[in-house]
Amino acid sequence: MVKRIFNVILTGLDKFFYAFACFFRGCGWLLKKIWFGFSFAFIFLGSLINKFIVVCFYPIGRAIKKAFIATRDGIEHLVIKIRTKNEQRKIKYRESNFHAKMDKTFGKVKKFFNTHLTYRRRQAIWGMVFIIPLIIGFIYFFLFPFITTIVFSFSNIYRTTPNQYTSHVYGAVTEWVGFDNYRFVWSVHASFKETLWSVFKSTLVNTLMILVFSLIIAVVLNSKFRGRAFVRAIFFMPVIFNSQAVDAATSAGTALTDAMEKAGQDVFTTMFNFSDFLTAANVPATAVNFLTNAAKNIFDVISYSGVQILIFLSGIQSVSKQLYEAAKIEGATQYEIFWKITFPMVSPLMLTAGVYTVVDSFLRSDLLRLMNSYSTGGDMTTIVGLGALTKDGVYSAMSILFVLVSLVTLAIVLLALRRLVFYYDD
């Protein structure tokens with residue numbers, strides 16, 4: 001009996017809990033359907049609102065954004081324009097005040113000059129004003145380095161330790177050694193003195209030959225003939241070419257001549273010997289040597305005469321034609337016209353051409369190549385008790401001797417040409 005009662009109770013409870021579970025399951029299903037409906041409704045409503053905003057409000061917002069950006073840019077441009085105008089006004093005002101002050105100052109200075117100074121003194125002052133930049137450049141770029149070179153020529157120069165990152169040397173230390181650098185250059189060096197003397201002699205000879213040749217060619221080029229412009233270009237072409245091209249042509253010509261001589265194909269020398277011809281004609285030995293050297297150096301004379309030909313040609317063309325016409329009416333020959341008119345009127349240019357020729361000859365000489373071997377710096381061990389000298393000091397001593405010999409050569413050339421100069425104004 002009790003067992004049946006417990007079975008009934010348990011069965012009832014099982015049905016109750018099953019019914020309760022079904023109730024909650026039904027409630028859950030119902031809530032799920034209701035939530036699905038709400039979510040679908042919200043999604044559909046959101047899509048409609050999104051389409052409405054995209055279609056209606058997005059163009060309006062984009063237009064508002066563009067209008068805002070355009071307004072902002074216009075305001076910034078206007079502000080910049082106003083500031084620029086204000087700055088320009090300020091600059092014009094300052095410039096006008098500055099110019100007014102400067103005009104007032106210069107007016108006072110001009111009035112002072114015109115009132116208290118003579119015309120000749122004013123010319124001298126203005127001349128000094130215009131040459132002040134030249135004087136500053138001469139002092140800074142030439143005088144100071146030249147004085148430094150003189151000091152270095154009496155010293156040993158030790159370069160400071162280079163920077164470990166950039167390898168640049170930022171200074172030097174000098175040690176006074178007196179005339180040791182000059183003793184080495186003049187007495188110990190194997191070829192400097194001989195090269196310097198050879199350059200000195202060749203410069204004097206080449207200067208004479210180049211000036212004579214340039215004057216003759218300028219007179220010829222001034223005459224009228226067909227192809228005159230082409231011939232002028234030929235004589236000036238070595239000046240247009242760079243030095244490397246000229247050196248290459250010279251070295252090529254030398255190599256070709258040496259090859260022909262070794263092969264026994266120097267036909268011209270075999271057929272005609274200029275030196276033997278002059279000696280057989282009883283020409284003095286000094287003249288034979290001069291003319292033979294001139295014939296050997298004819299290539300250099302032609303190559304280095306371009307600027308001198310232009311100088312003499314411009315001088316000849318500046319001579320008044322009335323002088324030539326009057327001389328021809330008087331029956332003067334071309335020889336007399338040259339010595340009485342052309343040469344005296346062009347003679348002042350001999351000094352300019354002579355100075356240029358001397359400087360150009362020294363700059364093209366083998367002496368510079370010899371000096372450049374000592375321009376790299378470093379120590380060198382010498383003999384005859386001079387101890388260890390530096391290449392910088394030796395290079396400086398060579399440079400000073402180079403300058404002194406150049407000045408001596410210029411003085412000799414100018415003194416020789418001074419007797420030939422005729423000034424028309426005198």
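Please verify whether region 41-48 includes one or more residues that are under 49 Å from the mean Cα position of the chain (by Cα) and either loosely packed, with under 10 Cβ neighbours inside 10 Å or in a helix (DSSP H, G or I) (or both).
Within region 41-48 (the criterion being under 49 Å from the mean Cα position of the chain (by Cα) and either loosely packed, with under 10 Cβ neighbours inside 10 Å or in a helix (DSSP H, G or I) (or both)), the answer is no, since none of the residues qualifies.
What about residue 320, is it in the same structural domain as residue 204 (by TED's automatic domain parsing) and under 25 Å from residue 233 (Cβ atoms)?
Spelling it out, it is not the case that residue 320 is in the same structural domain as residue 204 (by TED's automatic domain parsing) and under 25 Å from residue 233 (Cβ atoms).
The values are calculated or read from the model by the stated rules, or taken from the named source; none is laboratory data. Computed from a prediction, not measured in an experiment: that's the story for all the values here. Note: ideal-geometry Cβ built from the backbone for every residue, glycine included; neighbour counts use all protein chains shown.
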